[in-house]
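Okay, structure first, notes after.
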Amino acid sequence: MEKPEKLIVDGKRLDGRMPDELRSLRIEAGVLKRADGSAYVELGENKVLAAVYGPREMHPRHDQQPDTAVLRCRYNMAPFSVEDRKRPGPDRRSVEISKVIREALEPVLFLKLYPRSVIDVFIEILQADAGTRTAGINAASVALADAGIPMRDLVSAVAVGKVEDTIVLDLTKEEDQLGTTDMPIAIVPRKQLVTLLQMDGHLTEDEFKRALDLGFRGCAQIYEVQRQALREKYGVKEE
Ligand code: ADP
């Protein structure tokens with residue numbers, strides 16, 4: 001990637017956004033016929049599909065838990081999702097991301113309702129431009145709701161970070177690579193509970209507080225779009 005001279009010019013980012021602005025976001029619920037629940041998310045140049053199966057009997061059986069369902073998540077990047085073809089199949093990064101996505105979603109599910117069962121969440125990254133784990137969480141939580149699985153709330157997620165001393169919302173790949181800090185977060189909006197927080201780079205305590213606050217505000221906007229996608233699918237009128 002050719003390094004641009006500056007990532008922020010006259011207070012605006014290279015794609016014209018203000019520091020506190022999200023990329024354009026589109027969410028559609030129920031896009032796959034054969035999954036129990038599904039959702040498609042476009043966030044800027046990211047294109048992400050989530051499919052949910054279950055709750056259903058856990059196979060292999062020795063992975064069954066007698067008192068609870070197990071949430072299984074698989075985050076996968078398509079070979080054509082990035083500039084240089086990505087080698088297909090799991091790698092260290094996707095295994096780690098699958099784990100943090102599972103941990104971000106688990107707190108909203110009533111897994112104890114379904115002993116010996118499994119809920120499978122497949123997240124397929126069709127096109128990547130930074131923020132795929134958070135876009136994946138947004139898609140997965142709408143897909144879980146679309147599958148009719150009881151949930152305390154949705155989970156909303158976004159990355160915040162620091163680019164040339166400015167705290168920004170929803171970093172592009174260029175900002176992620178050339179900026180100083182990338183901090184993806186996921187929250188349960190109604191409880192204001194943080195279920196994922198990672199940080200690549202560093203922030204001062206004051207910057208961290210401002211970044212977290214910006215992330216919460218970004219998640220509130222995403223939450224509305226997630227709810228709207230479910231309302232559209234189920235024909236629920238505006239409140
Ligand atoms: P996230 O997508 O959640 O921001 P990372 O910070 O690890 O996760 O990745 C940032 C971006 O870097 C990805 O969205 C993608 O555009 C790019 N990327 C990640 N892994 C690869 C890869 N193996 N090959 C090419 N680009 C990649």
Cβ-Cβ under 6 Å pairs, at least 6 apart or on other chains, segment 26-52 side at positive phi, far side surrounded by fewer than 24 Cβ atoms within 10 Å (Cβ to Cβ): Gly30/Lys233; Gly44/Arg23; Gly44/Asp129
Residue identified as buried (at least 24 other Cβ atoms within 10 Å of the Cβ) and closer than 20 Å to Glu45 by Cβ among Ala186, Ala143, Ala139: Ala139
Among residues of segment 63-87, those that are touching a strand residue (DSSP E or B) at 6+ places or on another chain (Cβ under 7 Å) and either in a strand (DSSP E or B) or within 15 Å of the ligand (Cβ to nearest atom) (or both), counted: 11
Where Gly161 falls short, out of the listed (1) buried (at least 17 other Cβ atoms within 10 Å of the Cβ); (2) within 22 Å of Phe122 (Cβ to Cβ): (2)
Options Lys47, Lys33, Lys3; residue that is in a loop (DSSP other than H, G, I, E, B) and over 30 Å from Pro115 (Cα atoms): Lys3
Residue identified as among the small types (Gly, Ala, Ser) and away from the ligand (no atom under 16 Å from the Cβ) among Ala39, Ala50: Ala39
Exclusive hit being basic (Lys, Arg), out of contact with any helix residue (DSSP H, G or I) (no Cβ under 9 Å at 6 or more places or on another chain) and surrounded by 11 or more Cβ atoms within 10 Å (Cβ to Cβ), set Arg93, Arg87, Arg34: Arg93
Scope segment 215-239; condition under 16 Å from the mean Cα position of the chain (by Cα) and of a type in the set (A, V, I, L, M, F, W, C); matching residues: Phe216, Cys219, Ala220, Ile222, Val225, Ala229
Some residue of segment 191-202 being crowded, with 24+ Cβ neighbours inside 10 Å and touching a residue at least 12 places away in the same chain (Cβ under 8 Å): no
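Taken together, the values in this text are just the output of simple stated rules run on the coordinates, not laboratory data. Everything quoted here is computed from the prediction, not taken from an experiment. Heads up, the Cβs are rebuilt from the backbone with ideal geometry, glycines too, and the neighbour counts pull from every protein chain shown.
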